[in-house]
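FYI, it's all coordinate maths here, none of it is from the lab. Keep in mind the model is a prediction, meaning the values are calculated, not measured. Reconstructed Cβ throughout: ideal geometry from the backbone, glycine too, with neighbour counts over all protein chains shown.
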Amino acid sequence: MNAGTHDIEKAAGVLRAGGLVALPTETVYGLGADAENPEAVSRIFQVKGRPPSHPLIVHIGGSEQLDDWVREVPATARLLAEHFWPGPLTLVLRRGPRVPLEATGGLETVAVRVPDHPVALSLLAAFGGGVTAPSANRFGQVSPTTADDVRAELGDAVDFVLDGGRCAVGVESTIVDVTSEIPTILRPGGVTREDLEKVLGHPIDVPSASQVRVPGQHPSHYAPRARVVLVEAEEVAAEAARAQASGHQVGVLLPAALTDADVKAHTVVTVPGSMSDYARRLYGFLREFDERGCDLVVASLPAEAGLGLAIANRLRRAAGPRTVV
Ligand code: TXA
Ligand code: MG
């Protein structure tokens with residue numbers, strides 16, 4: 001299963017030759033290219049069907065490399081990098097000259113992170129440079145958390161897939177903008193707001209989705225084929241029964257506190273009570289509903305604390321309007 005030394009060398013060669021490599025990280029699988037090769041970076045956008053204005057994350061092998069990729073590192077960024085890297089935290093900083101505009105969607109800022117996965121770190125060490133990688137899914141779809149998900153999603157469009165098992169975190173990294181005095185969370189993710197606040201020593205803002213102007217943060221994202229409907233926890237069963245009665249193949253993400261005995265639906269998944277288990281399995285559940293032929297998923301939001309904030313964010317986006325720019 002897990003990629004060996006031979007696979008790592010091969011993947012590094014593919015990157016050097018301008019090819020695309022799918023790589024495991026602790027959050028989700030990424031679709032990687034040599035960050036300094038504009039043609040390779042452009043191919044990522046073609047393969048994903050992603051608009052070229054959507055910026056990518058540059059993955060690097062260690063926090064000591066940060067200065068190679070950005071123009072300046074404010075004290076706050078240094079503090080967060082030292083604390084959370086390797087790990088599911090992405091820092092947005094001013095773009096250094098090594099980063100082509102193709103990777104940043106034309107922005108003068110760049111998103112950087114050090115992934116916490118032995119296969120990703122071995123690849124970055126063998127390759128020696130930075131690897132730009134969005135999640136290895138088609139634009140707007142659910143992110144892959146296993147190598148099989150990647151193959152199902154991208155097939156032959158990727159030159160090489162490194163298998164690193166199932167991703168331990170399961171939702172994407174937390175993105176923090178540290179370009180201004182006051183850091184803000186652009187996307188909640190694997191590092192919790194509470195953990196960030198503990199290290200920063202003050203509260204940190206999470207602007208609502210409608211306030212975020214960054215390209216790549218559309219209302220509909222992380223979405224299965226099935227339509228997703230969000231209701232209060234106590235209404236999940238009634239909503240599922242209603243939809244099932246009107247002819248839908250209904251999937252239900254049942255809150256951990258409820259029992260599935262009287263839920264009438266095609267597929268019922270009881271979500272784990274632990275938020276880290278829920279995060280790890282969330283995208284797998286959404287894929288499962290599609291695989292089982294559900295056309296509508298009924299879910300409710302977890303409490304928005306800890307990893308619940310990222311889970312709720314992904315469920316809201318999965319339920320968002322499907323008119324994608
Ligand atoms: O966990 C993750 O972050 C995964 C793994 C593969 O590292 N990657 C990931 O990439 O989720 P992607 O491309 O699916 O999402 C990256 C998001 C973009 O959608 C965009 O919103 C934000 O990062 N982003 C990238 N560069 C930015 C910038 N310069 N300013 C603001 N946001 C940026
Ligand atoms: Mg993505």
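Percent of Cα-Cα pairs per 10 Å bin, from 0 to the last occupied bin, for the chain, please list those.
Here the calculated profile for the chain is 6, 27, 35, 22, 8, 2.
Show me the ranking of peptides 189-197, 169-177 by mean Cβ neighbours inside 10 Å, starting with the highest.
Descending mean neighbour count gives 169-177, 189-197.
Which whole number of Å³ per residue matches the convex hull of the alpha-carbon atoms in the range 1-158?
Each residue corresponds to 99 Å³ of Cα convex hull volume.
Taking the alpha-carbon set of the range 180-325, what are its Rg and Dmax in Å?
Calculated on Cα positions, Rg and Dmax stand at 16.3, 54 Å.
With the chain treated as a Gaussian network of Cα nodes joined by springs under 10 Å, which of 309, 79, 282 yields the largest mean-square fluctuation?
Maximum fluctuation in the GNM of the chain, among the listed residues, is at 79.
How high is the relative contact order of the range 5-211, in percent, with contacts defined as C-alpha pairs under 8 Å that are six or more residues apart?
On the way: 470 pairs, mean separation 60.3, N = 207.
Relative contact order comes out at 29 percent.
Using helices alone, I'd like the mean residue ellipticity at 222 nm for the chain: each DSSP H run of four-plus residues gives -39500 (n - 2.57), total over residue count, nearest 500.
Rounded to the nearest 500, the figure is -9000 deg cm²/dmol.
For the range 120-157 and the range 248-325, compute the distance between their C-alpha centroids and round to whole Å.
23
Compute log10 of I(q)/I(0) for the range 1-92 with the Debye formula, placing one identical point scatterer on every Cα and leaving out solvent, at q = 0.17, 0.25, 0.26 Å⁻¹, to two decimals.
With no solvent term, the Cα-only Debye profile gives -0.89, -1.35, -1.37.
Test of understanding: ordering 264, 198 by Cβ neighbours within 10 Å, fewest first, what list do you get?
198, 264
Between Rg and the Kirkwood Rh of the range 264-313, both from Cα atoms, what is the Rg to Rh ratio?
Working: Rg = 11.3 Å, Rh = 11.6 Å.
So for the range 264-313, dividing Rg by the Kirkwood Rh gives 0.97.
Suppose we keep just the DSSP beta bridges with both residues in the chain; what percent of those would be antiparallel, to 5?
40
Obtain the radius of gyration and the Kirkwood radius of the range 101-153 from its C-alpha atoms and give Rg over Rh.
Numbers: Rg = 13.2 Å, Rh = 13.1 Å.
Over the Cα atoms of the range 101-153, Rg/Rh equals 1.00.
Pick from 11, 77, 120 the residue whose mean-square fluctuation is largest in a GNM of the chain, springs joining Cα atoms under 10 Å.
77
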